[in-house]
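Heads up: the structure comes next, in structure tokens.
Only the coordinates and a few stated rules stand behind these numbers; no lab work does. What you see is a predicted model, and the numbers here were worked out from it, not measured in a lab. No Cβ is skipped: glycine too gets one built from the backbone with ideal geometry, and neighbour counts run over all protein chains shown.
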Amino acid sequence: MGPQFQTNLGNTMTEDIAKLYSPVIRDHANQPRNCRRLLSANFRASSKNPLCGDCITVFLRVEDGIVREVSFESFGCALCRASASLLSEAAQGLTWQGVCELGRAVEAMATQGRTSSLCQGELLALGGVHPFPARIPCVLLPWQTVLEAFDPKPSC
Ligand SMILES: [Zn+2]
């Protein structure tokens, strides 16, 4: 690390970037979980983030109001891929309403740096994007896409 990083501002920025690309994010970006087309899906939606060029399709198999399986295909940046991978694990077993609430909690964490009891474990890594407003759409795209898949939303 060069002397140019010794100022307070430099240190803060270096720490922020380290939090943005934390081990959890790098792991999910490099080895995304549930990254495949789901042939048995009964809900699906696709979205784009024109700012970064991310494209994603989310597939869901919902039975009896419970999300049984989630998968995705994406052509996007590491943050979008990692966020989709985390979502695919976190949403399994939740109700429709539960996925909506979790999506709102992730959004509050990313945009306002506000954590909630809903965001636990590896999901907390998504909060690392908070100091980087330009990258927030990358993190939120998979969550917004899931909500679109459920459209028209029941009481959400
Ligand atoms: Zn992106």
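Can you give the angle from 0 to 90° between the axis of helix 8-20 and the longest principal axis of the chain, with both taken from C-alpha atoms, to the nearest 10? Computed tilt is about 20 degrees.
With both labels modelled 7 Å from their Cα along Cα-to-Cβ, the SER116 to ILE66 distance reads 2.3 nm. For the chain, the 222 nm mean residue ellipticity estimated from helices alone, with every DSSP H stretch of n ≥ 4 adding -39500 (n - 2.57) and the total spread over all residues, rounds to -13000 deg cm²/dmol.
Sequence-distant contacts, meaning Cα pairs under 8 Å at least 6 residues apart, place the relative contact order of the chain at 25 percent. Taking Cα atoms only, the orientation of helix 96-112 departs from the longest principal axis of the chain by about 20 degrees.
Rounded to the nearest 5, the antiparallel percentage of DSSP beta bridges internal to the chain is 95%.
Loop-located trypsin sites (Lys or Arg not before Pro) across the range 87-156 with a Cβ neighbour count of 13 or fewer within 10 Å are ARG114, with loop assigned by DSSP.
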